[in-house]
1. Which residues does the label zone of A:THR12 cover in region A:71-103, counting backbone N under 19 Å from a point 7 Å along Cα→Cβ?
2. To the nearest 20 debye, what is the magnitude of the charge dipole of region B:22-112 about its Cα centre, counting +1 on the Cβ of each Lys and Arg and -1 on the Cβ of each Asp and Glu?
3. Report, by chain and number, residues whose modeled amide H sits under 5 Å from the one on B:ARG55, excluding near sequence neighbours (fewer than 5 apart, same chain).
4. Can you compute the modelled spin-label distance between A:SER30 and A:HIS56, with each label point 7 Å from Cα toward Cβ, in nm?
5. What aspartates and glutamates does A:LYS68 reach when the alpha-carbon gap must be under 14 Å and sequence neighbours fewer than 8 apart in one chain are set aside?
6. Please list, in order along region A:40-57, the HN-Hα scalar couplings obtained from phi with the Karplus expression 6.51 cos²θ - 1.76 cosθ + 1.60 (θ = phi - 60°), rounded to whole Hz, x for Gly and Pro.
7. What list of ³J(HN,Hα) couplings, whole Hz, do you get for region A:98-106 from phi and the Karplus terms 6.51, -1.76, 1.60, once you set θ to phi - 60° and write x for glycine and proline?
8. Roughly how far apart, in whole Å, are the Cα centres of region B:48-68 and region B:84-112?
Amino acid sequence: KNEVEQSPQNLTAQEGEFITINCSYSVGISALHWLQQHPGGGIVSLFMLSSGKKKHGRLIATINIQEKHSSLHITASHPRDSAVYICAVRDNTDKLIFGTGTRLQVFP
Amino acid sequence: KAGVTQTPRYLIKTRGQQVTLSCSPISGHRSVSWYQQTPGQGLQFLFEYFSETQRNKGNFPGRFSGRQFSNSRSEMNVSTLELGDSALYLCASSSLERDTQYFGPGTRLTVL
């Protein structure tokens, strides 16, 4: 079993829809990261969380430390949001452990 | 500020050869981490350097090594290349350890 699990693996949405991507982890962590990877490989760090909730534009990330779960929400989705979204946790040995990613496609 | 740069962007090698990849962090950043991304294993942590010291290492064989110079630039080396080493190698820098990371575009290595 992977230490970081993401769901769903693939997600298709119509433009304007509200999207939720989930991440569950089984190890103790000091922080959780949400990353975005576009075709071609470039990775952008979206959020780093250790508690609570963060918002940046149309993106919202939440984390529940007790339940070992985080969610990434995208409001009013747009085709340019199409990418792979990756959850990563920094474990108690300071290593980053990555989920397998969620491939999102948003159609006009 | 210029972003993280990695050279070369693409590389083709044959089994048994060795390869050196380079990463220049964002100016002022002292932490550099390296990652391997393959279709089968996804993203995996290789190592992390801070102020020329290796702070952390992932579960990779000793053929994978790295170093960081006094100007924070980092190199990673893979010796005796195997077919399974074909991957996208990404480096990321941050101003402090365990801070938000800024990723480079990656070096795509193909081993034939």
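1. Only A:77-85, A:102-103 pass the distance filter.
2. Details: 8 positive and 7 negative charges, 14 e Å.
For region B:22-112, the charge dipole is close to 60 debye.
3. B:GLU48, B:TYR49, B:PHE50
4. In this crude label model, A:SER30 to A:HIS56 measures out at 2.1 nm.
5. Once the sequence-local aspartates and glutamates are set aside, what remains near A:LYS68 is A:GLU3, A:GLU5, A:ASP91.
6. x, x, x, 10, 10, 7, 8, 9, 10, 10, 10, 6, x, 8, 9, 9, 9, x
7. 9, x, 7, x, 10, 8, 10, 10, 10
8. With region B:48-68 and region B:84-112 each reduced to a Cα centre, they are spaced 13 Å.
None of the figures in this text is laboratory data; all of them are computed from the coordinates on show. Only a predicted model underlies this, so the values are computations on that prediction, with no experimental measurement involved. Every residue, glycine as well, gets a Cβ built from its backbone with ideal geometry; the counts of neighbours run over all protein chains shown.
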